Amino acid sequence: MTAASSLPAPRGTDISRLLGLHTRGAQLILAVYIVSNVAFVASTANRLDHVWASYVAVALVTAGGFVVTRPHPDPFPLGLTVAVLGVVAISSALVLYALPDTGSLGRATWYLGANTWLLWFLTLRRRARLAWAGGLVMLAETMLWAELSGRGAVDGFVLAMPQILLLVIATLFGTALRRSSARINALAGRSVEAAAAAGALEAARRVQDERADELADVVVPALTLLASGAALDDAAREELVRVEAQLRDSVRGHGLALPPIVEAATRARSRGVNVTMLDDLGVPLSPMETDAVVRAVSTALDAAAEGSVTVRLLPSGREDMLTIVSLGGDEVRRVAVPSGAGS
């Protein structure tokens, strides 16, 4: 396990988060949107041929506002997108049905701005093509109504065209926001990598400090004894041999220099067993792999009464991660611990 894998994955920043759709500010904007639409309908009710149709339309648009501002990772869900497009098409048809064939329209055409607001959010939330489809449907409906009412399709086009231009702005704005989101996510990824590297360096420094302390505990007493020039008895010589073996294990079998294994190796050597530790893996084991290795090595060393025991951590990519070969008289025993043992 690497330092990077031990850190939580950064949460990606999308346009919905950049827009702050989960904030009170977004709720306030939605409230203003709803109140404005209702006010437009109420203030132009005396101009409408079918007031009820416009009120039904404002209810649909209000529901669409709640749907399109719903916090959700981008792209916006397809099912909800289709529902919003349905709101755009139906509300446009209802308002057009309510409009008079002659006279000034004024704010009675509020549906154009209201539905464009919905399409804006779809565009920003990575549903630009479908939003454009909705905008073109709204334009077509307006032109058809204008033609049938005697105002002329051109007048309908002029009436709705500014909203289409707003969709162009929304598309450009959405593209800029997506680039900003990508840059933010890239910076977040580099921050995680930097934190992982710093953590790995700190962990390596701590391991070095621990190894230095362990080495000092083992070597300093032996060096002090040798430097004193005192005559060495059998016990002192055995201690020096033990220290030399432990130092050899810490260099050649670095990954196996664990306290339970060191203790088991010391007990085996005290019985006259020749113990050799080899680490050809070169990277730390996971906690579960370490437990499996400690159990296997300690059991093999405690079972050896004579001869030799060779313990080897194998290079990565092998089927086995550890082998233990015990020689005692004419008997040869081999124990293998498979890779990923304990996981």
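The values are calculated or read from the model by the stated rules, or taken from the named source; none is laboratory data. Since the structure is predicted, the reported quantities are computational estimates derived from the model, not experimental observations. Using ideal geometry, Cβ is built from the backbone for each residue, glycine included, and neighbour counts are taken over all protein chains shown. The accessibility values were calculated without ligands, DNA or RNA, using every heavy atom of the protein model including side chains. Shrake-Rupley method; radii C 1.70, N 1.55, O 1.52, S 1.80 Å.
Points to keep in mind about this one:
- Residue tally, condition part of a strand (DSSP E or B) and more than 21 Å from residue 264 (Cα to Cα), over the stretch 295-330: 1
- Some residue of the stretch 41-48 being in contact (Cβ under 8 Å) with a residue 24 or more places away in the chain, outside any helix (DSSP H, G or I) and open to solvent by 50 Å² or more (accessible area, probe 1.4 Å): no
- Residue within the stretch 94-104 that is outside any helix (DSSP H, G or I), polar (S, T, N, Q) and in contact (Cβ under 8 Å) with a residue 40 or more places away in the chain present: yes
- Of note, residue 105 does not satisfy the criterion of being at pLDDT below 95 and either over 23 Å from residue 32 (Cα atoms) or out of contact with any helix residue (DSSP H, G or I) (no Cβ under 9 Å at 6 or more places or on another chain) (or both).
- Flag if residue 94 is in contact with a helix residue (DSSP H, G or I) (Cβ under 6 Å, 6 or more places away or on another chain), open to solvent by 30 Å² or more (accessible area, probe 1.4 Å) and closer than 15 Å to residue 131 by Cβ: no
- Residue 312 being of a type in the set (D, E, K, R), over 20 Å from residue 247 (Cα atoms), at pLDDT 90 or above and open to solvent by 70 Å² or more (accessible area, probe 1.4 Å): no
- Within the stretch 246-261, the residues that satisfy the criterion of being crowded, with 19+ Cβ neighbours inside 10 Å, modelled with pLDDT of 80 or more and assigned to a helix (DSSP H, G or I) are 255, 256, 261.
- Flag for residue 282 being small (Gly, Ala, Ser), open to solvent by 20 Å² or more (accessible area, probe 1.4 Å), within 20 Å of residue 248 (Cβ to Cβ) and touching a helix residue (DSSP H, G or I) at 6+ places or on another chain (Cβ under 8 Å): yes
- Some residue of the stretch 273-281 being in contact (Cβ under 8 Å) with a residue 24 or more places away in the chain, farther than 22 Å from residue 244 by Cα and assigned to a loop (DSSP other than H, G, I, E, B): yes
- Among the candidates 232, 226, residue that is open to solvent by less than 90 Å² (accessible area, probe 1.4 Å) and either hydrophobic (A, V, I, L, M, F, W, C) or modelled with pLDDT under 70 (or both): 232
- Scanning the stretch 240-256 for residues that are of a type outside the set (S, T, N, Q) and free of Cβ contacts under 8 Å to residues at least 40 places away in the same chain returns 240, 241, 242, 243, 244, 245, 247, 248, 249, 251, 252, 254.
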